[in-house]
Each structure stands twice: as C-alpha cells, then as structure tokens.
1. If we keep just the residues of the range 384-406 that are part of a loop (DSSP other than H, G, I, E, B) and aliphatic (A, V, I, L, M), which is farthest from the ligand (Cβ to nearest atom)?
2. Quickly run through the range 102-111 and pick out the residues that are part of a helix (DSSP H, G or I) and near the ligand (Cβ under 8 Å from one of its atoms).
3. Within the group Phe27, Phe46, Phe62, which residue is buried (at least 21 other Cβ atoms within 10 Å of the Cβ), in contact with a Gly (Cβ under 9 Å, 6 or more places away or on another chain) and under 13 Å from Ala324 (Cβ atoms)?
4. Would you mind telling me which numbered condition in (1) in contact with a strand residue (DSSP E or B) (Cβ under 9 Å, 6 or more places away or on another chain); (2) more than 30 Å from Val64 (Cα to Cα); (3) within 13 Å of the ligand (Cβ to nearest atom) Val121 fails?
5. Taking the stated definitions as given, is Ser9 of a type in the set (Gly, Ala, Ser), in a helix (DSSP H, G or I) and farther than 20 Å from Ala329 by Cβ?
6. Being crowded, with 16+ Cβ neighbours inside 10 Å and more than 28 Å from Ile124 (Cβ to Cβ) narrows it down to one of His335, His359, so name that one.
7. Take the range 306-325 and flag every residue that is free of Cβ contacts under 8 Å to residues at least 12 places away in the same chain and assigned to a strand (DSSP E or B).
Amino acid sequence: MRTLMDAESVLLSVLTPEGRANPHPSFAELRRLAPIHRSEALDTHFLTRFAECHAVLTNHEFLVPDLTWCSSNIPDWREHPAADFFYSSLLGSNGAVHDRLRRPVARAFGVRRIAALRRTVEKITEELLDGFAEATSSGGAANFQELVGDPLPVAVAGGLIGVPRADQEHFHRLGRDASRLLEPVRTADDWARADGAVDTLREYFTGLLRERRARPADDFASALHTQHAPGDTPLTERERVDILLLLFVAGFETTSGMLGLTVFALLTHPGELALVRADPDLATAAVEESLRWDTPVVMTERIAARPLELAPSVTVPEGASVTAVLTAANRDPGHHPDPDAFTVRRQGTRVLSFSAGTHFCPGAALARSEGAALVRRLVHRFPGLGLAGEPVRRASVSLRSFDDLPLVTTG
Ligand code: HEM
C-alpha cells in the first residue's frame, strides 16, 4: 500500500514545473518502485521499462484512442474541431482505417525519398545558420530555437508538403497551439488553442490542395490528389486536408524540440562535444544519443481491445488505458547500461523515441537527417559556440522542448 502511494506521488511530481524541467529522476524512481503503475488520478497504467513499452506498442490489440474511444470519453467532442481532427487522423485510427490513411504518407516519407532530400536539408540548415551567425556576430546572445530550431523543420517538411516559404512563418504559433493536443491532460485553454489552430490550418490546407489540383507541383500536396494504392478507396477531401494537418502537428514541434535538446545536450557535455568536433561523422550518433537521453515525445497512450497481459500476473481489462513512457523506456538500465550518461560513442542504442509497431513515426528518417545536418554544420562553423544563460523550457508534459535557448558563438 505504501509503495503504491509513493509511486503515485512520484508520478504526479512529473506534472509540477520542476518535474517537467527534469522528469528523469522521477521516472527512474517510478521504475524502481512500480514499473507497471496504475495511476488512480490519471486512470492509466504507466509503463517505465523498455520491454513492456515495446511489447504494448507492437501489440495490435493495444489500440490508439480513436473516434469510438473519443465519443465515449470526450462527451462534447463535436464542439472541438481538434478532437474531430485528431481522433479520425492517422494517429487516432486503428486497423484497416489506419492502413489506408498511412499508405500515401509512407510513400512520401520513404527512406529513398528522404535520402534524396539530403542536399535540400543541408542548404536550408546553412541558410538558417547564416542568420544565426549574423545575430550573434557582435558577441551578443541569440535564441537558437527561434532562429534555427523552429524554422528548420517547418522549412524542410513544409517544402516536402508544398507550403510556400512565405507562408511558413505563420506556422510556428499554429504548430505550437495545435500540439497542445498531445498533452495527456488537456485544459480548457489547451482545447481552445488547439481548436483555433485546427480551424485555421484546415482552411489553409484546403486552399493549398485546391491550388495544387489546378496547378500540380512536385510535392506531397499535389501527389495526394492522384495517389492511392490499388484497391484503396480514394481519399476524401477532408482526409487529404487532415493528413497534411497531421504531418504538421506531428512533425514540426517534435523535430524542433529534438534540435534544441541535442544542441543543449552537447553544450552541457563538453567532452562529448569535443569528440563530435574531432570527428563530425559522429553527428548521427550524437543525435541518436540525444533522442535516447532526452526523448522529445515523453509518452503515448494505448487502450486494451480485450483483457490483455502486461506482464506475468498483470492483466488489464478490456478498455483499460496504458501509457508507454518513451522517455523512461529509453533510460531503462535494463536496456541501455549507465542510462543517465550522455555518451555519443554508446554502442547498441535502440530507442523508442519514434514509437514502434504500426504507428512508428514515418518522419523518423527525415528528423534524424535534419538533426545530423545541423550538428555537423554547427560544429564546423562555430568553434566558440556556448550557452549564454539559462534556457526556458516549454510548459508541456508531453513534449520536451525549449522556448528560449540563448547561445553565443564566441564563447
Ligand atoms: C524528432 C522528431 C520526431 C519525433 C520524436 C516523433 C515522434 C513520433 C512518435 C512517438 C510517434 C508515434 C506516436 C504513437 O505511437 O502513439 C509519431 C508518429 C507520427 N509522426 Fe513523428 N516524430 C518526429 C518527427 C516527425 C516528422 C518530421 C514527421 C513528418 C513531417 C512526423 C510525422 C508523424 C506522423 C504522420 C505520425 C503518425 C503515424 C501513425 O500514426 O501511423 N514525425 N512520431
């Protein structure tokens, strides 16, 4: 009984501002006390070990919360465009419905397509770093997140989708608002922000698709009009709009989070940064280690389709909620030895940062390539790069990110 109460208070400490800033000690403690912990307050089973997280994510009988779940758990969902969008999207659908929506996305984000984009990613990175160099040239500090971390994923994925560069700058605030949908407990303010962003973005993408139907270009928005696998019912207009919107919600804030977290991890581990400076080929490994060490998407939820075993003698009933804590799984000492150390030369890294199973992130290769391009160029161009003050973290439980990461280039 005592352990259960302790585990619950350790878990709830993650929701405090201090816990959000550094949730790792709390998750480690929770894993030690109760690696499968049923939270009374949040009505879900928290999993903090790699093995159970991986098993749940790759078991198709653990479903993502979908429209059926939403209609019985969010009674006023019809009043929330964001709920209607999210729970019928790729991330909120299961089985054949999910497979049909996923096929065109998988094609657009295939490994070969992303490899072909490498030059473009490097060019955009270089341009944004020019602006960052200028902003810091007189010795002052600049917010890396604002100048590079946020615009880079918007420019790269925006280019792939077909969002003109001039339109992209509006997307930052909208992305931030839309990603409130990813919070495990949404406040009235979260809903209001997410609803507003979904309405605006649906209108925007409807216009973009109309434009591309009239004048096709070499981008995903144009391809969505023509692509569907043999045997699949063609996508409806609303489905096309919502696929573009989901790419935006799922792809931008997560990647910008990862970019800032990676730079911060390197700057706070000068020995590791020196290794990457000496051998820029370590850039890819540095990004992988950062994804493990400070995982941008903290957790994801599943619902049991029938009574299912989480571990020997732990069975959850049909309809039970289970939360895989990706941030904790990646620091499970049973999976990655000495997990709290940030070590770019770590061997055998296998992360859950992009989830696993049918919902595995289709943007993983793109995000990794952006991270590697950034680290490589950053160490090459700025030998004096340093922190210029205490960074400001995003007030979010589900996404790890910075609002302000002040850096100087002459440290
Ligand atoms: C570091 C960057 C990123 C991280 C950490 C990340 C993480 C994730 C995770 C954890 C999931 C699965 C959630 C679950 O299983 O419930 C996911 C799904 C998804 N991600 Fe990413 N993502 C990143 C970048 C991107 C990018 C660049 C794109 C595309 C532009 C993207 C598009 C998507 C989409 C469409 C899904 C839904 C897939 C499905 O449900 O089948 N992500 N991402």
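The values are calculated or read from the model by the stated rules, or taken from the named source; none is laboratory data. These figures come from a predicted structure and were not determined experimentally. As a convention, Cβ positions derive from the backbone with ideal geometry for all residues, glycine included, and neighbour counts pool all protein chains shown.
1. The extreme case among them is Ala388.
2. Of everything in the range 102-111, those that are part of a helix (DSSP H, G or I) and near the ligand (Cβ under 8 Å from one of its atoms) turn out to be Arg102, Val105.
3. Only one candidate passes the filter, namely Phe62.
4. All conditions are met except number (1).
5. Here the answer is yes, as Ser9 does meet what is asked.
6. Numbers: His359 fails: more than 28 Å from Ile124 (Cβ to Cβ).
Going through His335, His359 in turn, just one is crowded, with 16+ Cβ neighbours inside 10 Å and more than 28 Å from Ile124 (Cβ to Cβ): His335.
7. In the first step, residues of the range 306-325 are kept if they are free of Cβ contacts under 8 Å to residues at least 12 places away in the same chain; the result is 307, 309, 312-313, 315.
If the condition is that a residue be free of Cβ contacts under 8 Å to residues at least 12 places away in the same chain and assigned to a strand (DSSP E or B), then Glu309, Thr315 are the ones that fit.
Conditions (1) over 18 Å from Asp150 (Cβ atoms); (2) of a type in the set (Asp, Glu); (3) within 16 Å of the ligand (Cβ to nearest atom); (4) at pLDDT 90 or above, marked per residue:
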site: Ser179; (1), (2), (3), (4): no, no, yes, no
site: Ala192; (1), (2), (3), (4): yes, no, no, yes
site: Phe205; (1), (2), (3), (4): yes, no, yes, yes
site: Glu211; (1), (2), (3), (4): yes, yes, no, yes
site: Ala221; (1), (2), (3), (4): yes, no, yes, yes
